[in-house]
1. Using a probe of 1.4 angstrom, how much of the accessible area of the chain is carbon and sulfur, in percent?
2. Would you mind pulling out the separation of the Cα centroids of region 101-144 and region 56-98, in Å?
3. Cβ neighbours within 10 Å, averaged per peptide: list 85-94, 19-28 in order, most packed at the top.
4. In what order, largest first, do Tyr111, Tyr61 sit by accessible area if the probe radius is 1.4 Å?
5. Out of (i) 1.06; (ii) 1.23; (iii) 0.98, which label holds the value of Cα Rg over 2.2 N^0.38 Å that was computed here?
Amino acid sequence: MTEQDTVKLLRECDAGTKMGIASMENVMDYIHDDSLKKSLSDCKNSHEKLMKEIESLLDNYHDDGKEPAPLAKGMSWMKTNAKLIMNESDKTIAGLMTDGCNMGVKTLNRYLNQYTAADKKSKDIAKRLIDIEEKLAEDLRKFL
């Protein structure tokens with residue numbers, strides 16, 4: 001049970017990091033404020049570093065990880081582009097990214113509660129990813 005919960009939690013973290021990276025890449029070219037761009041770039045780098053760690057652990061279990069759900073990724077892309085067409089501003093980007101962070105924190109906490117038998121290392125990764133998302137949401141407040 002521990003190994004099964006560990007792999008499932010790591011898969012969800014893998015999908016979450018990939019979703020976060022894709023979301024940040026989608027808005028990067030629209031950002032005007034250098035400090036907002038730096039915040040997102042730093043967060044993207046943190047996601048990429050954590051993703052490598054997750055992939056390494058999943059390799060130990062001979063698991064390929066998990067891609068974000070195509071529907072979720074597509075809906076996120078459509079929402080982002082629709083909002084940016086109507087109002088291409090840093091405020092809009094900060095709002096979109098804050099919504100994404102909040103969704104990620106909520107989802108990751110649900111998975112932490114669901115996969116209680118996961119090992120300490122995978123739970124730590126999930127908590128670190130939550131911390132990264134919460135910090136970005138806090139950093140974005142000044143742009144809302």
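The values are calculated or read from the model by the stated rules, or taken from the named source; none is laboratory data. These figures come from a predicted structure and were not determined experimentally. Glycine gets a Cβ as well: all are built from the backbone with ideal geometry, and neighbour counts include every protein chain shown. Ligands, DNA and RNA are stripped out before the accessible areas are found, and what is left, the full protein with its side chains, is counted by its heavy atoms. Shrake-Rupley method; radii C 1.70, N 1.55, O 1.52, S 1.80 Å.
1. Here carbon and sulfur together make up 51 percent of the probe-accessible area.
2. 15
3. With the highest mean Cβ count within 10 Å placed first, the list reads 19-28, 85-94.
4. Values: Tyr111 40, Tyr61 70 Å².
The most accessible residue leads, giving Tyr61, Tyr111.
5. (i)
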